[in-house]
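Chemist: Sharing a structure with you now.
Coordinate-derived values only; no laboratory data. None of these values were measured; they are calculated from a predicted model. A quick note on method: Cβ atoms are made from the backbone with ideal geometry, for glycine too, and the neighbour counts reach across all protein chains shown.
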Amino acid sequence: MLKVSPVGDKDRLLTLLSDECGVIRAFAKGARSLKNKNFAVCTQFVYGSFEIYKSRDYYSVSESSPLQLFEALSGDLSKLSLAQYFCELASLLAPSETYAHDFLRVMRVALYYLSAGEKDARQLKAALEMRLLSMAGYMPDLRMCRECGAYTAPEMRFFHSEGIILCGDCAAAGGVGGATGVNGTSGTGGASVAGGTGGASGRYGQSGGYSSLGEDALSALRYSVYAEQKVLFSFSSSGVALGQFCDAAERYLISKIERVPKTLEFYRNLPEG
């Protein structure tokens, strides 16, 4: 369940991420009433089974049953706001009215780890951002430096608008543009990257900027894009590398959707700790 909106005094409009139909919107008549059979299931984040029928103009929920509730999310504001951001991303990037099994699976696993507190929330966020973008058709090319073919280097620069990497030497030789965040921010990863905007004479970074990555951060970014889905969250990152990874993922996402989601703004503004 990605989103629940009230309709009138008794009904709810549900935004669902489904296995066979992707993102769909369906009315649940009477679901705001405590006595309604669908009341408990028609709640955000619930993973459940829904019987849905389509009339001429819209979908409606006839039956539903919960399979997984992620109850721990509601007791922690940071987890709750991050889960809402995850759901907004799925609404934006998952396909509508077509097969979306992979999107559903990765969202379910991400919400499970977030609810259970078994993974660093920042790492979960960055990995999910990169994987959802990749599945939605925005997979970057992180295999090697676009110019010289180097697989590793002390510094790699990830160019957001082009979705490619250059080693530090090739980037410096090409006179690329500066690294910049959206509205002057450096993202939630906390890894600020030096650089200015405008005046670049190189072929890359004219818009969107870049993120500077060490070897560990680049490994994390590659893993989030290329790893098998069943082990997507089975890695660890920390320190400077985690900051760079989170920064790069968020900047790349914003460059592709061309806005900062409201749920991300809210999450960013939460007090730390």
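Chemist: Please work out how much length the chain gains when fully extended from residue 76 to residue 215, using 0.36 nm per residue of separation minus the C-alpha to C-alpha distance, in nm with one decimal. It would help to have the intermediate numbers written out before the result.
Modeler: Numbers: separation 139, 0.36 × 139 = 50.04 nm, distance 3.35 nm.
Stretched fully, the residue 76-residue 215 segment lengthens by 46.7 nm.
Chemist: Starting from 0.36 nm per residue, how many nanometres of slack lie between residue 96 and residue 35 once their C-alpha separation is accounted for?
Modeler: On the way: separation 61, 0.36 × 61 = 21.96 nm, distance 3.13 nm.
That pair, residue 96 and residue 35, stretches by 18.8 nm at full extension.
Chemist: With angles folded into 0 to 90 degrees, how steeply does helix 121-133 sit against the dominant principal axis of the chain? Use alpha carbons for both and round to 10.
Modeler: 90 degrees
Chemist: Residue 7's amide H: which non-local residues (gap 5+, or another chain) put their own amide H closer than 5 Å, with H modeled 1.01 Å from N in plane and none for Pro or chain starts?
Modeler: Here 12, 13 satisfy the definition.
Chemist: Using a simple spin-label model with points 7 Å from Cα along the Cα→Cβ vector, what separation in nm is obtained for residue 56 and residue 112?
Modeler: According to this spin-label approximation, the distance is 4.3 nm.
Chemist: Same structure again: Using only Cα atoms, find the angle between the long axis of helix 215-226 and the longest principal axis of the chain, and express it within 0 to 90 degrees, rounded to the nearest 10.
Modeler: The angle comes out at about 40 degrees.
Chemist: For each pair in 29/256; 119/256; 37/119; 54/119; 54/79, compute the distance between the two Cα atoms and list the pairs where it is over 29 Å. Intermediate results must be reported in sequence, preceding the final value.
Modeler: On the way: 29/256 36 Å; 119/256 26 Å; 37/119 35 Å; 54/119 39 Å; 54/79 34 Å.
Among 29/256; 119/256; 37/119; 54/119; 54/79, the Cα-Cα distance tops 29 Å for 29/256; 37/119; 54/119; 54/79.
Chemist: Provide the net charge surrounding residue 270, with neighbours chosen by a C-beta distance below 14 Å and charges set as Lys +1, Arg +1, Asp -1, Glu -1.
Modeler: On the way: positive: 79, 122, 125, 262, 268; negative: 76, 265, 272.
Value of the local net charge: +2.
Chemist: Still on this structure, I have one more. Modelled label-to-label distance, residue 272 and residue 227, 7 Å Cα→beta-carbon offset: nm?
Modeler: Rounded to a tenth, the inter-label distance reads 2.5 nm.
Chemist: Take 53, 151 and order them by how many other Cβ atoms sit within 10 Å, fewest up front.
Modeler: Listing 53, 151 from fewest to most nearby Cβ atoms yields 53, 151.
Chemist: A further question follows. Taking the Cα centroid of segment 63-129 and of segment 25-39, what is the distance between the two, rounded to the nearest whole Å?
Modeler: Centre-to-centre distance over Cα atoms comes out at 22 Å.
Chemist: Listing 257, 24 from the residue with the fewest other Cβ atoms within 10 Å to the one with the most, what is the order?
Modeler: On the way: 257 15, 24 20.
The most exposed by this proxy come first: 257, 24.
Chemist: Residue separation times 0.36 nm, minus the C-alpha to C-alpha distance between residue 173 and residue 260: what's the value? All intermediate terms of the calculation are to be shown ahead of the outcome.
Modeler: Values: separation 87, 0.36 × 87 = 31.32 nm, distance 3.21 nm.
In short, 28.1 nm is gained.
Chemist: So, one more: Note the angle between two axes, namely the Cα long axis of helix 239-257 and the longest principal axis of the Cα atoms of the chain, as a number of degrees from 0 to 90, rounded to the nearest 10.
Modeler: Computed tilt is about 70 degrees.
Chemist: Calculate, for residue 148 and residue 240, the FRET efficiency according to 1/(1 + (r/R0)^6) with r their C-beta to C-beta distance and R0 25 Å; round to the nearest 0.05. Present the calculation step by step, with values, prior to reporting the outcome.
Modeler: Details: r = 25 Å, r/R0 = 0.99.
E(calc), rounded to 0.05, equals 0.50.
Chemist: Hey, another quick one. If a/c stays under 1.5 just call it rounded; otherwise compare a/b with b/c (prolate if a/b is bigger, oblate if not). Do that for segment 3-118, with a ≥ b ≥ c from the square roots of the Cα gyration tensor eigenvalues. Walk me through the numbers on the way to the answer.
Modeler: On the way: a/c = 1.87, a/b = 1.25, b/c = 1.49.
Verdict is oblate for segment 3-118.
Chemist: Counting other beta carbons within 10 Å of each residue's own, what order do 160, 101 fall into, fewest first? Don't skip to the end; give the middle numbers.
Modeler: Numbers: 160 23, 101 11.
Going from least to most buried by this count: 101, 160.
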